[in-house]
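*Asks:* Sharing a structure below in structure tokens format, with a few things to ask.
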Amino acid sequence: MTVAGELTKLWKAGAYTLPEAAAQYGDAGQKSGWTTGFDESGFLRTSVSGRVTAPMGVDQPLEHTDLGKLQPQWTRLRDTLQNRIIHKTRANLVKAGEALMQIADDYADRDGRARDAIDREREQLDKIGPPVVPDAPTHTTPKPKDYYESPTGDDLVKPLPY
């Protein structure tokens, strides 16, 4: 393959292939971030910690509600996975793609044939548009409305579409 062809492949990897992979990681990060809304339904537990005598002498269980011991550990695991692995990988793929495009462009500036090949590839990519890479969500990122329905005022989670 010619230098122009190789540079075009390098530029395309930076402009499309790596951003497409970054988009997948961004999507995974979004979905892992949405799991914060499930903590209460997933970990909420009620236990009886004794009995109490209510008015009128009726003996009733004394209930205690909490999220259990696993919820904080799950939160740390999820946050570590989301922030240190998924989002860092997403950001690194975006940066690597930008670097590959810059390298190809810099070299092509000194080679007219390579510049023409990259410009043709850029025109093709402009027709379909670059991949959309989602931003990394934060814990305050709103969840998509279509994942919830509120017929009684309570948020009920609908099944994910996959």
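Every number in this text was worked out from the coordinates using simple rules, so none of it is lab data. Just so you know, these numbers come straight off a predicted model, no measurement behind them. Here the Cβ positions follow ideal geometry from the backbone for every residue, glycine too, while neighbour counts run over all protein chains shown.
*Asks:* Provide the packing ranking of 29-35, 71-77, 124-130, i.e. peptides ordered by the mean count of other C-beta atoms within 10 Å per residue, highest first.
*Replies:* Details: 29-35: 18.3, 71-77: 12.9, 124-130: 10.1.
For the peptides 29-35, 71-77, 124-130, the packing ranking is 29-35, 71-77, 124-130.
*Asks:* Give the order of Phe38, Phe43 when sorted by the count of other beta carbons within 10 angstrom, beginning with the fewest. The partial results should precede the final answer.
*Replies:* Details: Phe38 11, Phe43 16.
Ascending Cβ contact count within 10 Å gives the list Phe38, Phe43.
*Asks:* Next up: May I ask which residue of Ala15, Thr2, Ala114 lies farthest towards the positive end of the charge dipole of the range 1-120, with charges of +1 (Lys, Arg) and -1 (Asp, Glu) on Cβ and the Cα centre as origin?
*Replies:* Thr2
*Asks:* Run the dipole for the range 52-130 about the Cα centre, Lys and Arg Cβ at +1, Asp and Glu Cβ at -1, nothing else charged, and hand back the magnitude in debye, nearest 20.
*Replies:* 240
*Asks:* Can you give me the pair-distance distribution of the range 43-124, C-alpha pairs, 10 Å bins, whole percents?
*Replies:* Here the calculated profile for the range 43-124 is 14, 19, 14, 13, 11, 10, 7, 7, 4, 1.
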